[in-house]
1. Can you find a residue that is at pLDDT 85 or above, under 15 Å from the mean Cα position of the chain (by Cα) and not polar (S, T, N, Q) anywhere in region 84-98?
2. Would you mention how many residues in region 389-400 are at pLDDT below 90 and over 25 Å from E116 (Cβ atoms)?
3. What residue, among those in region 167-188 that are in contact with a Phe, Trp or Tyr (Cβ under 6 Å, 6 or more places away or on another chain) and either hydrophobic (A, V, I, L, M, F, W, C) or outside any helix (DSSP H, G or I) (or both), is surrounded by the fewest Cβ atoms within 10 Å (Cβ to Cβ)?
4. Any idea how many residues of region 157-180 are touching a residue at least 12 places away in the same chain (Cβ under 8 Å) and within 23 Å of Q124 (Cβ to Cβ)?
5. Would you tally the residues in region 212-240 being of a type in the set (D, E, K, R) and surrounded by 14 or more Cβ atoms within 10 Å (Cβ to Cβ)?
6. Provide a single number: the residues in region 189-203 that are under 26 Å from G217 (Cβ atoms) and surrounded by fewer than 22 Cβ atoms within 10 Å (Cβ to Cβ).
7. As an exercise: evaluate E220 against (1) farther than 22 Å from D252 by Cα; (2) assigned to a loop (DSSP other than H, G, I, E, B); (3) modelled with pLDDT under 95 and give the number of the one condition it does not meet.
8. Does region 71-127 hold any residues that are touching a strand residue (DSSP E or B) at 6+ places or on another chain (Cβ under 8 Å), closer than 23 Å to A317 by Cβ and in a loop (DSSP other than H, G, I, E, B), and which are they?
Amino acid sequence: MRKIAAIVIVLAVIAAACGDDGSPAGEAAPSSSAAPVDVDVDDPPDTAPVVPALDDYEALAATLEQPTSDSALPPNSPESPIGAYGYSRYVYTQANGEIVPSLIEGPLGYQVRCQEEAKDCSYQELKALYESDDVVPDYLGMDRDTLGELVTQLDAVNEAIHQYEDLDDACAAGLWKSTNQIANMGIHMISDRTASEFDPSRPQMVLFAKDGGLGLGSGEIGNCVGGAWTGEEGYVPVGAVFDLRLTADHPDGFAGPIDNWHIHYNTCIARSEEGGQLGVDDEELAGEGGRSATTGAACAAQGGTFLPIISSWMMHAYVADGFEAESGVFSMFNPSVWPVSDPDTLVAERTSQAGDDVESAQILNFSFGDLSVAVGETLRFANSDSVPHTVTAGSFIEPLEDFDSGLLATGQAFDLSFDEPGQYELFCALHPDMTGVVNVE
């Protein structure tokens, strides 16, 4: 008989933006972990085992009873975390022992998802497709004229962000910093407060980032003072954020059906003593993206401000030259923005710190890497990809019930330990070809 202990650690679910009043968003406290679960697995019987059906995280999100409007949550709640950013309309996550909604993404009914790297969904790919004689693929859900309108709008966004060469230009134009640099996103510099009408030439925020900008607190990064940037040089524009006032209906924004706007629920926002964002160097309220889905009680206990809903529809647009978003122009995270496939980045450091009886196991580039651990030692999986993954026992053909992390968003971690030596297979339920083996000695 063998025993496996598993525990999920939620460190950061979703990243930052401004509140419904346009005020700066701050750092959020990490959600507390679930209680450990010990699972006894008997020796396999002589008869063929019954293979349990794995949860289909995307399909589960679609089983919820439909609400009455695009911006409303379903009247029923799931019993476990469901959904995936960019892949499903609803995302529910586990926070402080409760299942809470964290995101609505897209309208009710028909949606077009364009997150797969094999699809031509980045700004540069869409533009090249329109300028070519190639047939517009069915997965885009639009004809050539609509694609042309979308490309024209994205050209306007590109021009809007590239009017700023650096943060000095942004400060001189009256933008102000609302977040530190967020992994695969950047610093959110606010241009306009939440808007009532969509205008592709006037994004409400411009994203800036630089290599080495992660992990710096608010004071270290700098700020806009007297129309000039006080911090280090080297930050460049990498994208834009649109922020429209919350309405019952999904915004009629960019041409075509691939712009699935999103709404944040159950958000904890913390403030530094000087009233700005709490830096990621703070040990008590250190959220990788600056805000997390959590419960009101947990947020209050950390001295944060709890928002059951942020009253705006939001949309990222990654159109910057040199920062192509292979996961789609409107994706939540852009893997071309730092950290760029670097195992020494902030995400790895904050979620996978090895120590006594803890061995780091980084999930990077859709790979679990080489996994070896001693009996009783904790193996800490940390997702450093910009897409969600799972750590699930067995294989896609023969899944096991020994352990299942549920969805791990960027910056989340999952602890696993084994009481007996052996080889333990695992895979990602969202990406079945992503497999690994843990060697326990």
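1. The initial filter retains those residues of region 84-98 that are at pLDDT 85 or above, namely 89-90.
Narrowing further to those that are under 15 Å from the mean Cα position of the chain (by Cα): 89-90.
Now narrow it down to the ones that are not polar (S, T, N, Q): 89-90.
Yes - at least one qualifying residue is present in region 84-98.
2. 2
3. The first filter runs over region 167-188 and keeps only residues in contact with a Phe, Trp or Tyr (Cβ under 6 Å, 6 or more places away or on another chain), leaving 167-168, 170-171, 184, 186-187.
Now narrow it down to the ones that are either hydrophobic (A, V, I, L, M, F, W, C) or outside any helix (DSSP H, G or I) (or both): 167, 170-171, 184, 186-187.
Details: L167: 29, A170: 25, C171: 22, N184: 30, G186: 31, I187: 26.
This residue is C171.
4. First, pick out the residues of region 157-180 that are touching a residue at least 12 places away in the same chain (Cβ under 8 Å): 157-162, 164-168, 170-180.
Remaining after also requiring within 23 Å of Q124 (Cβ to Cβ): 157-162, 164-166.
Here the count works out to 9.
5. Of all residues in region 212-240, those of a type in the set (D, E, K, R) come to 220, 232-233.
If we keep only those that are surrounded by 14 or more Cβ atoms within 10 Å (Cβ to Cβ) as well, we get 220, 232.
Here the count works out to 2.
6. Looking only at that region, the number is 2.
7. (2)
8. Answer for region 71-127, where residues must be touching a strand residue (DSSP E or B) at 6+ places or on another chain (Cβ under 8 Å), closer than 23 Å to A317 by Cβ and in a loop (DSSP other than H, G, I, E, B): S71, G83, A84, Y85, G86, S88, R89, G106.
The values are calculated or read from the model by the stated rules, or taken from the named source; none is laboratory data. Please read all numbers here as calculations on a predicted model, not as lab measurements. Ideal geometry is used to build each Cβ from the backbone, glycine not excepted, and the neighbour counts take in all protein chains shown.
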